[in-house]
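S.K.: I have a structure here, written as structure tokens, and I will follow up with some questions on it.
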Amino acid sequence: MLTSTPRSRGARLALAIAGFAALPALAGPRLIVQFADSDVEAAFAPKSRVERLGRELGTDAKHLRRMALGAHVVELAPGADAQAAALAAVANGYAKLAMPDKRRKPDVPPQKPKSRSLVEMQRRILEDHAF
């Protein structure tokens, strides 16, 4: 017969630390930014333009991905105000378009109702239309 031995306190602690390390880090708010074509840094890579934008806004900014029509998704430091950052980016002329990126959940189609037997459906129809 096999007996299970309780895990030592150190093993349990190591397992808990590994579990917390696997959790994703908290992400900051995101902006969708389309840089102005008249900007001096128009020829530079998006990463350097995003870093400059972050410096000008007084927060850390990280380039996440490129979108269609020259827009970019930028992640700000956790706790930063995305709406204020978007307004400041447009007001200072660094971007011609900037708006907070709202995280959305995928649209889940409704579940199909459980199929009923033909007899059950006929019985319900007759009950509904009985006088």
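The values are calculated or read from the model by the stated rules, or taken from the named source; none is laboratory data. Nothing here was measured: the structure is a model prediction, and the numbers come from that model. All Cβ positions, glycine included, derive from the backbone under ideal geometry; neighbour counts span all protein chains shown.
S.K.: Only residues in region 38-56 that are of a type in the set (S, T, N, Q) count as the first member; pair them with residues that are modelled with pLDDT under 90, Cβ under 7 angstrom, at least 6 apart or cross-chain, and list the lot.
M.R.: That search, which allows pairs on different chains as well, returns S48/E41.
S.K.: Can you confirm whether E41 is modelled with pLDDT of 75 or more, surrounded by 11 or more Cβ atoms within 10 Å (Cβ to Cβ) and of a type in the set (D, E)?
M.R.: Details: modelled with pLDDT of 75 or more: no; surrounded by 11 or more Cβ atoms within 10 Å (Cβ to Cβ): yes; of a type in the set (D, E): yes.
For E41, the condition - modelled with pLDDT of 75 or more, surrounded by 11 or more Cβ atoms within 10 Å (Cβ to Cβ) and of a type in the set (D, E) - is not met.
S.K.: Working only within region 58-70, note down all residues that are under 20 Å from A45 (Cα atoms), in a loop (DSSP other than H, G, I, E, B) and either among the hydrophobic types (A, V, I, L, M, F, W, C) or more than 20 Å from the chain's Cα centre (by Cα) (or both). Break it down stepwise before answering.
M.R.: Taking region 58-70 first, the residues under 20 Å from A45 (Cα atoms) are 59-70.
Filter once more, so that each one left must be in a loop (DSSP other than H, G, I, E, B): 59-60, 67.
Selection gives M67 alone.
S.K.: Right, something else. Using the structure shown, decide if A82 is closer than 20 Å to K47 by Cβ and either modelled with pLDDT of 90 or more or small (G, A, S) (or both).
M.R.: Values: closer than 20 Å to K47 by Cβ: yes; either modelled with pLDDT of 90 or more or small (G, A, S) (or both): yes.
So A82 passes the test.
S.K.: Would you check if M67 is of a type in the set (A, V, I, L, M), modelled with pLDDT of 85 or more and surrounded by 10 or more Cβ atoms within 10 Å (Cβ to Cβ)? So that I can check it myself, show each step before the final result.
M.R.: Details: of a type in the set (A, V, I, L, M): yes; modelled with pLDDT of 85 or more: yes; surrounded by 10 or more Cβ atoms within 10 Å (Cβ to Cβ): yes.
Yes.
S.K.: Answer with yes or no whether V73 is part of a helix (DSSP H, G or I), within 15 Å of I32 (Cβ to Cβ), in contact with a Lys or Arg (Cβ under 8 Å, 6 or more places away or on another chain) and at pLDDT 90 or above. Steps first, please.
M.R.: On the way: part of a helix (DSSP H, G or I): no; within 15 Å of I32 (Cβ to Cβ): yes; in contact with a Lys or Arg (Cβ under 8 Å, 6 or more places away or on another chain): yes; at pLDDT 90 or above: yes.
In short, no.
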